[in-house]
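Heads up, the thing below is written out as structure tokens.
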């Protein structure tokens, strides 16, 4: 039975002899005409191509959705002039988010009951505000300090959470930043959740509960903002 040699047919001339020599030692590198003409193989290859196209389209659609259904970057953002407020930014995920924001040129206000680590204290773009997010007075004082020193924030990082029995957008303006962001039609809100928002671990009930609450909070916020805007 005749065979087609992949090296003989497709390799560059300068290396064809070497490839043919190597192929001679590995018979499986030779393709039988029967296999090439197999309808099953053709069907499998078509299916693989189709799956590849679907996967690529899914990635493109996901990227567009993540960019608020815009094909280009949002206009009006100048990172050195933007202000971010991050709760729980003194350690863990919050700390890394603050470091990345500062590296991009954003001025970052960290709200935390813990002091900043030394690595962040020396960063001129990061400023700490001692704040207990369960206290309205503490939040109001921190918010006033941020507006005085930085101006109105355009980025919120919800790395710690607080809830109250009222719609999000009815929260008093003195203890949150959303009204100004809505007025300017500009802002980013990031909420740090986890896979345990969906799957609860028996040994970490408190942590899983807070992360599930964080996810619910962000979904409620998203819906409220869409209805308000």
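The values are calculated or read from the model by the stated rules, or taken from the named source; none is laboratory data. Fair warning: this is a prediction, and the values are worked out from it, not measured in the lab. Every residue, glycine as well, gets a Cβ built from its backbone with ideal geometry; the counts of neighbours run over all protein chains shown.
Structural remarks
- Boolean, residue 88 is touching a strand residue (DSSP E or B) at 6+ places or on another chain (Cβ under 8 Å), at pLDDT below 90, in the same structural domain as residue 154 (by TED's automatic domain parsing) and at negative phi: no
- Qualifying positions in region 113-148 - without any contact (Cβ under 8 Å) to a residue 40 or more places away in the chain, in contact with a strand residue (DSSP E or B) (Cβ under 7 Å, 6 or more places away or on another chain) and not in a loop (DSSP other than H, G, I, E, B): 120, 126, 127, 128, 129, 142, 145
- Test: residue 221 is over 23 Å from residue 124 (Cα atoms), surrounded by 15 or more Cβ atoms within 10 Å (Cβ to Cβ), under 25 Å from the mean Cα position of the chain (by Cα) and modelled with pLDDT under 80: no
- Residues satisfying the stated conditions in region 74-112, i.e. out of contact with any helix residue (DSSP H, G or I) (no Cβ under 8 Å at 6 or more places or on another chain), part of a helix (DSSP H, G or I) and under 21 Å from residue 194 (Cβ atoms): 92, 93, 94, 96, 97, 100, 101
- Failed criterion for residue 177 (all others in (1) farther than 18 Å from residue 83 by Cα; (2) within 25 Å of the chain's Cα centre (by Cα); (3) modelled with pLDDT under 85 hold): (1)
- Scope region 84-105; condition crowded, with 21+ Cβ neighbours inside 10 Å and under 17 Å from residue 186 (Cβ atoms); matching residues: 84, 85, 101
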